[in-house]
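To start, the structure itself, in structure tokens.
The values are calculated or read from the model by the stated rules, or taken from the named source; none is laboratory data. A quick note: this is a predicted structure, and the numbers were derived from the prediction, not measured. Here the Cβ is made from the backbone with ideal geometry for all residues, glycine too, and neighbour counts use every protein chain on show. When the accessible area is computed, the model is the full protein with side chains, heavy atoms only, and any ligands, DNA or RNA have been set aside. Shrake-Rupley method; radii C 1.70, N 1.55, O 1.52, S 1.80 Å.
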Amino acid sequence: MTHETALRLSAAVLDAWNRQDADAVLSCYTPDCVYLDPNTRGPVVGHDALRRYLLRLFGRWHMRWSMRESFTFGAGGSGVFLWHATLTPAGGGNTAEIDGMDLALVRDDLLYRNEVYFDRMALFAAS
């Protein structure tokens, strides 16, 4: 995977997350994917588990993500991606502004491992 292809995958992932479209998000991940973020309380493994997580998450938050920087490594398109997000509770409330990063590991042009890191305390201000 070239750097350009990795950026296209990143754009597709961000677009799917911004539309809060679980099927579109899942289309960017391998069926045996591993997803982890500060809210998951451990790894979420596979499409079925990730779909359940996404539907709960998308029901609770209106989210907007944008890429700040990307750093790919190796020939497979894996990398680290720095992002900015705004998250507003679906039921109303204050909007949280969060900067974070993803470790995104790619296999066959799809994400097979995605670890998300950010300061979870920013979410409490929005609740």
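Only Cα sites of the range 64-114 enter the Debye sum here, all with the same form factor; the resulting log10 I(q)/I(0) across q = 0.20, 0.25 1/Å is -0.72, -0.89, listed in q order. Computed over the range 31-92, relative contact order equals 26 percent, with contacts defined as Cα pairs under 8 Å that lie 6+ residues apart. Centre-to-centre, using Cα atoms only, the range 81-105 and the range 12-78 are separated by 12 Å. Hey, what did the range 4-122 get for relative contact order, percent, Cα under 8 Å, at least 6 apart? RCO, the range 4-122: 25 percent. In whole Hz, what ³J(HN,Hα) sequence does the range 82-88 give by Karplus (6.51, -1.76, 1.60; θ = phi - 60°), x for Gly and Pro? For the range 82-88, the Karplus-derived couplings read 9, 9, 10, 9, 10, 10, 10 Hz, x marking Gly and Pro.
With both labels modelled 7 Å from their Cα along Cα-to-Cβ, the Ala49 to Asn18 distance reads 3.0 nm.
Here the dipole of the chain is about 380 debye; that uses its Cα centre as origin and unit charges on the Cβ of Lys and Arg (positive) and Asp and Glu (negative). Within the accessible surface of the chain, defined with a 1.4 Å probe on protein heavy atoms only, the carbon and sulfur portion equals 55 percent. Nearest 0.05, what FRET efficiency do Ser27 and Ser66 give at R0 = 25 Å with Cβ-Cβ as r? Approximately 0.75, to the nearest 0.05. Of all DSSP beta bridges confined to the chain, the antiparallel ones make up roughly 90%. Taking Lys and Arg as +1 and Asp and Glu as -1, the other residues whose beta-carbon sits under 14 Å from that of His84 total -3. Taking only the Cα atoms of the range 11-77, the ratio Rg/Rh comes out at 0.97, with Rh defined as the Kirkwood radius. Here the range 60-78 is scanned for amide nitrogen atoms under 17 Å from the site 7 Å beyond the Cα of Asp99 along Cα-to-Cβ, giving 65-71. Of the residues Trp65, Phe81, Ala122, the one whose Cα sits farthest towards the positive end of the charge dipole of the range 4-127 is Ala122 (charges of +1 on Lys and Arg Cβ, -1 on Asp and Glu Cβ, taken about the Cα centre). Secondary-structure-derived ellipticity at 222 nm for the chain, considering helices only, amounts to -10000 deg cm²/dmol, per-run term -39500 (n - 2.57) for DSSP H runs with n ≥ 4. Computed from Cα atoms alone, the Kirkwood hydrodynamic radius reported for the chain is 14.7 Å.
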